[in-house]
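A short write-up of the structure that comes next.
A short reminder: the numbers here are calculations on the coordinates, not readings from a lab. Keep in mind the model is a prediction, meaning the values are calculated, not measured. Positions of Cβ are generated from backbone atoms using ideal geometry, with glycine treated the same way; all protein chains shown enter the neighbour counts.
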Amino acid sequence: MFLLLLVFSMQIYSSPFTEADKKEVLKQFSELQNALKRKNASALSTYVSYPLKDGNIKTVIWKSSSDFIKDFRDPENYVFSHLDELKVNSASGQIDNVEEKLLERGGEGGDKFMEITGKFITSSDDEAEFYYGASGISKNDDLFVVTVSVYDDMFDGSSYYIFILSGNKLKLVSYLQLP
């Protein structure tokens, strides 16, 4: 009986993305990309949930918007590389992923490529445990995850941007980088 009550209560308090929510997420993500292109740190900081946690080690990256703005202006601490290149259409709800975009020819490790994907994740998805574990977000909330992968013949690394829709506002809740 307790298990049935637990499952029922999770369904009541769960807040999965509706189609309208998905369009709103993509609309706001597009606005975030525009702020990024304009290098508008103040506007961009409104999309960050403070304190933002580093999904790798659960430490705080930014405690406040002033911490964020300071790091945003420092190229050494820049964490939004290539995020503005994902193509989204909020009217249709479509995400056009970037596949094998050539970044650089030759070099020691061969040609350098980039891929960018955006997807909606629910707690029932196969890879959900990874994203919920990294973000510390309740499995009652659906996620919008953008992955930026840069690779060549010798190195492969990915950055994961984990967003939720909180109070009808898109919020970056965790940033994770591997390796």
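Listed values, structure above:
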| quantity | calculated |
| --- | --- |
| Contour excess over end-to-end distance, with Cα ends at ALA91 and ARG105 and 0.36 nm allotted per residue | 1.4 nm |
| Folded to 0 to 90 degrees: helix 2-13 orientation relative to the chain principal axis, Cα | 60 |
| Helix-derived mean residue ellipticity, 222 nm - over the chain, DSSP H n ≥ 4, -39500 (n - 2.57), to 500 | -8500 deg cm²/dmol |
| Pair-distance profile P(r), taking every C-alpha pair of the chain, with 5 angstrom steps and integer % | 1, 8, 15, 19, 20, 16, 10, 5, 3, 1, 1, 0, 0 |
| Extended-chain gain in nm, criterion 0.36 nm per residue less alpha-carbon gap, LYS58 and ASP153 | 31.2 nm |
| Label zone at ASP84 (point 7 Å along Cα-to-Cβ), backbone N below 17 Å, the stretch 38-59 | 38-48 |
| Phi-based couplings in Hz for the stretch 94-103 (Karplus 6.51, -1.76, 1.60; Gly and Pro marked x) | 9, 10, 9, 5, 9, 10, 6, 7, 6, 9 |
| Calculated on alpha-carbon atoms, Rg and Dmax of the stretch 128-179 in Å | 12.5, 43 |
| Degrees separating the helix 19-37 axis from the principal Cα axis of the chain, which is the longest one | 30 |
| Coarse-grained scattering of the stretch 33-81 at q = 0.14, 0.26, 0.31, 0.33 Å⁻¹, given as base-10 log I(q)/I(0) from a Debye sum over alpha-carbon atoms | -0.32, -1.05, -1.31, -1.36 |
